[in-house]
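Q: Here it is, the structure, as structure tokens.
The values are calculated or read from the model by the stated rules, or taken from the named source; none is laboratory data. Because the structure is a prediction, the values reported are computed rather than measured. Quick reminder, even Gly has a Cβ in these numbers, built from the backbone with ideal geometry, and neighbours come from all protein chains shown.
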Amino acid sequence: MFKVNEIKELIRAIDNSSIGEVEIRGENKEKITIRKEGVQQTVSVPQAAVQTAPAPVPAPQPEQPKAEEPKQDQGSEKPKNEAASKHNDDSLKKITSPMVGTFYEAPNPESDPYVKEGDKVSPDTVVCIVEAMKLMNELEAEVSGEIVEVLVENGELVEYGQPLFLVKPN
């Protein structure tokens, strides 16, 4: 069962981040979903006796339109198009984040990354760590193949289901 203080801490963390929704399942199959929607935040705790009132969330500010930059060189568009074509290549498998957290490419700052572009992986190869609520979760590839691209930077906040790696299967 979740404690009220844990739920309040989660609400504060979500409130102070750009995360729109997080779902957490406990050991006894209880589930908490915290979601930002406009000015409301919903907390549902089915199967748990603990509930807390939703915390107010400031309304999102409309984005200012960006001024269009003049195109300087047609050659600079080629890498963007190649990267976009990699993301849309159906033959590539995506390794996605199973949770909201911080992406780490290595077990510590002094170590080499678990994997980099061109490395071969098997389903049980550890490819990164996703830190969530001060817990370090090793993420395994779950696919055999070659890492084609690392899609996130070390230390970057990742969302649930966000692609982290593109893998060319064997």
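Q: Tell me, which strands (runs of 3 or more DSSP E) lie completely within the range 1-60 with 1 or more residues that are at pLDDT below 55 and of a type in the set (A, V, I, L, M, F, W, C)?
A: In the range 1-60, the matching strands (runs of 3 or more DSSP E) lie at 40-44.
Q: With the requirement that a residue be surrounded by fewer than 11 Cβ atoms within 10 Å (Cβ to Cβ) and under 13 Å from N154 (Cα atoms), what does the range 91-109 give you?
A: N108, P109
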